[in-house]
1. Output the number of the condition that residue 27 fails; it satisfies all remaining conditions of (1) surrounded by 10 or more Cβ atoms within 10 Å (Cβ to Cβ); (2) among the basic types (Lys, Arg); (3) modelled with pLDDT of 85 or more.
2. Pick from region 34-55 the residues that are among the charged types (D, E, K, R) and at pLDDT 75 or above: which of them is surrounded by the fewest Cβ atoms within 10 Å (Cβ to Cβ)?
Amino acid sequence: MTALLYLIPIALFLGLVGLLAFLWALRSGQFEDLDGAAQRILFDDDDDKRQDRDPEERR
């Protein structure tokens, strides 16, 4: 029974820390662009670099 006197405040403290971390991430814009990273991995950046070069260099 005395263990609950220690475990309940520890659990409440950890829950509060998790909530504060979530609110900090929300305010700092971590969840603004959810699809950006998923789409960025599908597109190759090398195509943009090839278009910048002269046509003779592409051969």
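The values are calculated or read from the model by the stated rules, or taken from the named source; none is laboratory data. Not measured: the values here are computed from a predicted model. Using ideal geometry, Cβ is built from the backbone for each residue, glycine included, and neighbour counts are taken over all protein chains shown.
1. Condition (1) is where residue 27 drops out.
2. 35
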